[in-house]
Amino acid sequence: MSKRVKGPVRRPSAKLGQLSRPAVHWSGRRPRGRVWGCRRAGITHRGKAVRAIAEIRIGTSGWRYPPWRGDFYPPGLAQRRELEYLSRRLNSVELNGSFYSLQRPDRFRAWFDETPSGFLFAVKGGRFITHMKQLREVETSLANFYASGVLALGAKLGPFLWQLPPRLTFDPDRLVNFFALLPRTTTEAAELAKKHDDKLKAKPYLEAGEQRPVRHALEVRHPSFTEPAATELLREHGIAVVVADTAGKWPFLEDQTADFAYVRLHGAEELYVSGYSDRALREWAEKIRAWHDDGKRDVHVYFDNDVKVEAPRNAETLAELLGVSPPTRQ
């Protein structure tokens, strides 16, 4: 749990457990307790049901970027250890390699093994589904995606992100058909995966593991999605509309349409490049506190301004402001 301190909040240095340069001067109110690692819904030792306390997850979109080496990552750190390093600094990451191509089960298993207990992966859906097929006739494509190994992430599997291309307009029928195909539990995902074809790169992974809920977020980029009907449709189906800060390039929507919030910060002024000032991050922290609603809604925040190493710096600063701790090191 982050503690209130006098003076600057400091960011961990290249060596875990040490401190380096100040990240931001603390002048705001005390964070609302530890919001990472909160207790989930279940049964107490006395047999009474407990309400789930929602979490705040903060990370970056991806982790393998050459400019980060020797800056965010210590000089000489092996590339194969970059995820291991990041997962001790932040409590989540957005896996975006799955957007470009189907991955393999052994990769998902390796990512699971490289990260500590309590870490979470958001997984970006394949562009073949969103950009090439544009959500039409995608049952087999979805089956291939879920059979590719995502379920091997087990308890570390977070929400799925579906990013639509800018040309794709709001089409209620198309969206309803797509939403009907999306699995809502890991058991349903495993059943869907059994419908895969022969385009997989490796033996399909069809193990559901312990049944867990599966959540979905939709990032839209066409102005037609600003219509109230679009928001209502997503709310009806429990799909989170992504709060996407894109330096004014695409629609900015802050409506909350599901039991969790999904935020993508692509750059304050220049897409994928510019960072967020301390003032801007404090403003985002206030928004996130409101969406978190005193532990009633999970919030996932991912920085995609990776070009100049702003993403990990901004993520760590925001985590400090919100009192969000990385997973327990192991």
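Candidate cross-link partners of Lys195 among the aspartates and glutamates, defined by an alpha-carbon separation under 13 Å and a same-chain spacing of 8 or more, comprise Glu139.
The label-point distance for Asp259 and Asp173, in a model that sets each label 7 Å from Cα toward Cβ, rounds to 3.2 nm. For the cross-link pairs Lys156/Lys201; Lys156/Lys249; Lys124/Lys249, the ones whose C-alpha atoms lie over 29 Å apart are Lys156/Lys249. The residues packed around Thr231, meaning those with a beta-carbon under 12 Å from its beta-carbon, carry a net charge of -4 if Lys and Arg are +1 and Asp and Glu are -1.
Gain on full extension, evaluated as 0.36 nm per residue between Glu232 and Val273 minus their Cα-Cα distance, stands at 11.5 nm. Residues Asp304, Asp293, arranged from fewest to most other Cβ atoms within 10 angstrom of their Cβ, appear as Asp293, Asp304. Per-residue Cβ neighbour counts within 10 Å put Arg289, Arg167 in the sequence Arg167, Arg289, beginning with the fewest.
Taking amide H as placed 1.01 Å from N in the peptide plane, the amide H of Gln163 sits under 5 Å from that of Gly125, Glu219, each at least 5 places away or on another chain.
For GluC sites (Glu not before Pro), the sites in the stretch 187-259 that DSSP calls loop and that have at most 16 other Cβ atoms within 10 Å are Glu207, Glu210, Glu254.
I need the Kirkwood Rh of the stretch 203-330: take the reciprocal of the average 1/r across all distinct C-alpha pairs and report it in angstrom.
Numbers: mean 1/r = 0.0621 Å⁻¹.
About 16.1 Å, per the Kirkwood formula over Cα pairs.
Using a/c under 1.5 as the rounded threshold, could you call the stretch 35-322 rounded, prolate or oblate? The axes a ≥ b ≥ c are square roots of the C-alpha gyration tensor eigenvalues, and prolate needs a/b larger than b/c, oblate otherwise. It would help to have the intermediate numbers written out before the result.
Numbers: a/c = 1.18, a/b = 1.11, b/c = 1.07.
Note, shape of the stretch 35-322 comes out rounded.
The trypsin sites (Lys or Arg not before Pro) of the stretch 50-116 that DSSP puts in a loop, and whose beta carbon has at most 11 other beta carbons within 10 Å, are Arg51.
Using the Cβ-Cβ distance between His131 and Glu207 with R0 set to 30 Å, the FRET efficiency works out to roughly 0.55. For Tyr272, Tyr100, Tyr302, what ranking results if the residue with the fewest other Cβ atoms within 10 Å of its Cβ goes first? Ordered by Cβ neighbours within 10 Å, fewest first: Tyr100, Tyr272, Tyr302.
DSSP assigns beta bridges within the stretch 35-322; of those with both partners inside it, close to 10 percent run antiparallel.
A short reminder: the numbers here are calculations on the coordinates, not readings from a lab. Bear in mind the structure is a predicted one, so any value in this text is a computation, not a measurement. With ideal geometry, Cβ positions are generated from the backbone for all residues, glycine too; neighbour counts draw on all protein chains shown.
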